[in-house]
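*Asks:* Pasting a structure below so you can have a look.
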Amino acid sequence: MQDIQALTTLLEHATTHRDHAQATLQRAIAAAQAAQTQAVQLVGYRGEYERRFGAQFRQGSAIELVHCYHGFMGRLDHAVKYQDSVSTRAQSQVESARELLMECELRVASVRKLIERREAEAALAAHRREQKASDEFASRQAWQRQAQGGGAFAIAP
């Protein structure tokens, strides 16, 4: 019984660890979605900026404006690349969190299965003890009846 109590404590610990892993996964998923959304928004903004100033450059512009455009586009391209790396890293964290959650789920399931086995073993041992006690009681009853009946069992022809 003490063994099952220890396993129950282990199950509680494993369940708590699994719940934390699940919360970590949810946070990682939210962060990855936010990073991906921001990356998409940056790409969209870059495309819009290119279209807007592309039309203006066709009409003719000052060289200073062209330099500013190219400088800003360079910084915007850098921001897009950086955000892509942030998004990739966030997706990697999601996968790591998912793997950890799967390990925790497996641990919880293993401990539950072990508890079930130990409970089944305890129930089987209790059943065997009860059966042995019942058999001994029946044997004593038979011996007592034989002793009271005066000797050996009579065999019917």
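The values are calculated or read from the model by the stated rules, or taken from the named source; none is laboratory data. Given the structure is predicted, the values throughout are model-derived calculations rather than measurements. Neighbour counts are summed over all protein chains in view; Cβ atoms, including those assigned to glycine, are modelled from backbone coordinates with ideal geometry.
*Asks:* What number of residues in the range 14-59 are of a type in the set (A, V, I, L, M), exposed (fewer than 14 other Cβ atoms within 10 Å of the Cβ) and under 33 Å from the mean Cα position of the chain (by Cα)?
*Replies:* 4
*Asks:* Kindly list, by first and then second residue, each pair from a residue in the range 117-138 that is modelled with pLDDT of 90 or more to a residue that is in a helix (DSSP H, G or I), limited to pairs with Cβ atoms under 7 Å and residues at least 6 apart or on different chains.
*Replies:* Between residues of the range 117-138 that are modelled with pLDDT of 90 or more and residues that are in a helix (DSSP H, G or I), the close pairs are Arg118/Asp3; Arg118/Ile4; Arg118/Leu7; Glu119/Ile4.
*Asks:* Considering (1) in contact (Cβ under 8 Å) with a residue 60 or more places away in the chain; (2) closer than 24 Å to Ala14 by Cα, say which one Met102 fails and leave the rest.
*Replies:* (1)
*Asks:* Exactly one condition in (1) closer than 30 Å to Ala6 by Cα; (2) surrounded by 13 or more Cβ atoms within 10 Å (Cβ to Cβ); (3) not acidic (Asp, Glu) is not met by Val86; state its number.
*Replies:* (1)
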